[in-house]
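The values are calculated or read from the model by the stated rules, or taken from the named source; none is laboratory data. A quick note: this is a predicted structure, and the numbers were derived from the prediction, not measured. Cβ: placed from backbone, ideal geometry, glycine included. Neighbour counts: every protein chain shown. In case anyone asks, the SASA skips ligands and DNA or RNA and just uses the protein heavy atoms, side chains included. Shrake-Rupley method; radii C 1.70, N 1.55, O 1.52, S 1.80 Å.
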Amino acid sequence: MKQVMSKLDGILEKATMEVPLGREELLFLLGLSEQEDLIKVFKTARFLRTRYFKDKVFIYGFVYFSTYCRNECSFCLYRKSNLSLARYRKTDSEIMETAMSLVKSGVHLLDLTMGEDPFYYDNPKLGFDNLIKIVKLIKTRSDIPIMISMGVIPEDILKDFKDAGVDWYATYQETHAQDLFHNLRLGQNFAERMERKKLARKMGFLIEEGLLTGVGDTDEDLVDSLEEMKTLEADQLRVMSFVPQKNTPMQKFPSVPRQREMLIIAVMRIVFPDRLIPASLDVDGLNGLAERLNAGANVVTSVIPPQSGLAGVSNQSLDIKDGNRTVSKILPVLEQCGLIRASREEYAEWILHHKIR
Ligand code: SAM
Ligand code: MD0
Ligand code: SF4
């Protein structure tokens, strides 16, 4: 006798056929908590990932070259008024050395990241000059794709980075609920941050948008964010769990189970089956990698060379010095998950295909 299909199975069947899901269906997925239901959602997410990416995974190197920042984000260790922290600003040659060692280790992309460091931002035309030179130098020494995550960069500087050969612009909104945004990114301009991403896309950058979860975000907020990400046509989408930071306003903020991040990764994959979705080593280190890949992620981010003296963002030191955030430690985890590292050519092809739009 034919069994009546459960609501979940019906939604997942639609997802498999890539019929767009409605708001109510997305809320239903985000509301799931039973283990057997989650397993089904993750399975669908992996099925869709395989359709577009086979078993291939991309790996990104992370170069957090300055931890100075003029901003006061309530969730971030590196907020300006946190004086309990020893900061660094790496020299040009230190940045080059780290960048080239990451290239050698086999990553597919370099993510050049900093706080909104006043050294650069106070006089942008002069300040950013050396970073633009560094980008050009990296590009002459290798053909590695480059992402910049340096905050809300002035428009003319963004154009200079584009001309220097930068491929990706990443700036995470964290949430698209404006009230929550203003509680997280204190004193910052919601619209300006969104508009700069849209402008970057028009300039020909690939765009990464990102969410923080466990910061008071509701399921409704998340569905709104998925819609915004669709409008933005972001090429890469991420979610990271909030990690409480000592000496910051959100130090004691009540924590949310990690399962929520995994479910959001899977729902992102269902809504955007052909996009890049990171599994960040920055949240739970190497131990948290397999569960993120099994939820449907297809990029491993935040690879950091052990000897570089560089930090992570959500976890300043986790897994860095012991060499756990390296390509050679990631490869066996990929294998356990039935995945393999893509070739450099495969990543270049993906980029090329998505830049022509
Ligand atoms: N300063 C630039 C900016 O904020 O756009 C570039 C750095 S950006 C890559 C830092 C990102 O790390 C934030 O957008 C946020 O998503 C994430 N992050 C920062 N602190 C975090 C924390 N405590 N827990 C989890 N994620 C965090
Ligand atoms: C990461 N720690 O990939 C990095 C960072 C910035 N574009 C990325 C949050 O997890
Ligand atoms: Fe600065 Fe970025 Fe941290 Fe905000 S998230 S305080 S902008 S480094």
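Numerical summary
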{"read-out": "Partnerless cysteines, meaning none of the other Cys C-beta atoms lie under 4.7 Å away, in the chain", "value": "C69, C337"}
{"read-out": "Per-residue [θ]222 nm for the chain (sum of -39500 (n - 2.57) over DSSP H runs n ≥ 4, rounded to 500)", "value": "-13500 deg cm²/dmol"}
{"read-out": "Sites Y52 and E24, calculated FRET efficiency, Cβ-Cβ separation with R0 35 Å, nearest 0.05", "value": "0.85"}
{"read-out": "Set of aspartates and glutamates with alpha-carbon distance to K197 below 15 Å, sequence-local pairs under 8 removed", "value": "E155, D156, D167, E174, E208, E209, E228, E233, D235"}
{"read-out": "Sites E346 and A191, calculated FRET efficiency, Cβ-Cβ separation with R0 41 Å, nearest 0.05", "value": "0.65"}
{"read-out": "Estimated FRET transfer efficiency (E72, E97; beta-carbon r; R0 30 Å; 0.05)", "value": "0.40"}
{"read-out": "Linear extension gain, K202 paired with D224, 0.36 nm per residue minus alpha-carbon span", "value": "5.6 nm"}
{"read-out": "Whole-percent carbon and sulfur share, accessible surface of region 161-254, 1.4 Å", "value": "48"}
{"read-out": "Region 1-116, accessible surface, carbon-and-sulfur percent (1.4 angstrom probe)", "value": "56"}
{"read-out": "For a label point 7 Å along the Cα-to-beta-carbon line of D163, residues of region 179-217 with backbone N under 19 Å", "value": "199-206"}
{"read-out": "Net charge of neighbours whose Cβ lies under 15 Å from the Cβ of R70, counting Lys and Arg as +1 and Asp and Glu as -1", "value": "+1"}
{"read-out": "Cα gyration tensor shape for region 33-98, rounded if a/c is under 1.5, else prolate or oblate", "value": "oblate"}
{"read-out": "Inter-label distance, nm, simple model (7 Å from Cα along the C-beta direction), R87/K246", "value": "1.9"}
{"read-out": "Three-way shape label, region 51-355, alpha-carbon gyration tensor, a/c 1.5", "value": "rounded"}
{"read-out": "Rounded tilt (10° steps) of 92-105 against the dominant C-alpha axis of the chain", "value": "40"}
{"read-out": "Residue pairs, from the table K54/K139; K125/K230; K80/K246; K133/K230; K43/K252, whose Cα atoms sit over 24 Å apart", "value": "K54/K139; K125/K230; K133/K230; K43/K252"}
{"read-out": "Cut-off under 5 Å, modelled amide H: who pairs with F65 long-range", "value": "T113"}
{"read-out": "Residue-normalised accessible area of region 51-355, given per residue in Å² at a 1.4 Å probe", "value": "40"}
{"read-out": "For the chain, built as a Gaussian network whose Cα springs stay under 10 Å, the top-fluctuating residue of G22, G323, G312", "value": "G22"}
{"read-out": "Relative contact order %, the chain, counting alpha carbon pairs below 8 Å whose residues are six or more apart", "value": "22"}
{"read-out": "Along the chain, longest interval not containing exposed GluC sites (Glu not before Pro), exposed being DSSP loop plus at most 16 other Cβ atoms within 10 Å", "value": "73-232"}
